[in-house]
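Below is one structure, written out as structure tokens; comments come after it.
Laboratory data are not the source of any read-out in this text; all were calculated from the coordinates shown. As the structure is a computational prediction, the values presented were derived from the model and not from experiment. Here Cβ is always computed from backbone atoms with ideal geometry, including for glycine, and neighbour counts include all displayed protein chains.
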Amino acid sequence: MPFDAHQARRELRRAIPILRQHGLRQSAKFCAEQLIGLNGDGSGPITSQPPPAPSRAQQTLALLERGEPSDAFLLAGTFFDLGEYARAAVALTEASDRGAPLPAAAPHEDAAPRDVFLWAYALYLAGEKRKEETVAETRDASAKSRVGNPYAAGLRDVLVARRRRGQLQGLGAYALGVVL
């Protein structure tokens, strides 16, 4: 299939607000830069030619745009924007499992893909934040090199299990890639 610059521009235009909504600012920036690069200076009309069949990217974008975000997602998004990553993850779950490897249980099996992504990405970032704090408090250089994300293994297990059951889509797969 030949590269269609007009189709790529349409998909990038749709992806940018979705990526920003999910807190992926660098990815949104990259897409915006690619969008400008496709047309040189960013000017010029986009012709509207209907694609012969929806691409995989279009299917993913349609899935992410489907339905209104839940109230829990909106609350978690505000926590995420403020850098309160663990709180964002907890906001997307009904209860916290004490003694579990993760501070917030995974969202329900039927949770929206955006909820699963935000939960996983927020927990990953909470773990990275905790790792940085531990490194800053540790004096021994060899101990600093052994410090890792305390939530990475638990997140990996949950996301891999969802993937095996066919419940991991789009940005959830991205979160799995980040954790791996």
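Structure notes:
- A Förster radius of 22 Å, combined with the Cβ-Cβ distance separating LYS131 from GLU109, puts the computed FRET efficiency at roughly 0.15.
- Reach of LYS144 by Cα under 20 Å, taken over lysines that are not fewer than 8 positions away in the same chain: LYS129, LYS131
- For segment 83-180: relative contact order, % (alpha-carbon pairs under 8 angstrom, 6 or more apart): 28
- As a rough guide to protection, the peptides 167-174, 1-8 ranked by mean Cβ packing within 10 Å, highest first, stand as 167-174, 1-8.
- Relative to the current alpha-carbon distance between ALA141 and ARG13, full extension at 0.36 nm per residue lengthens the span by 41.5 nm.
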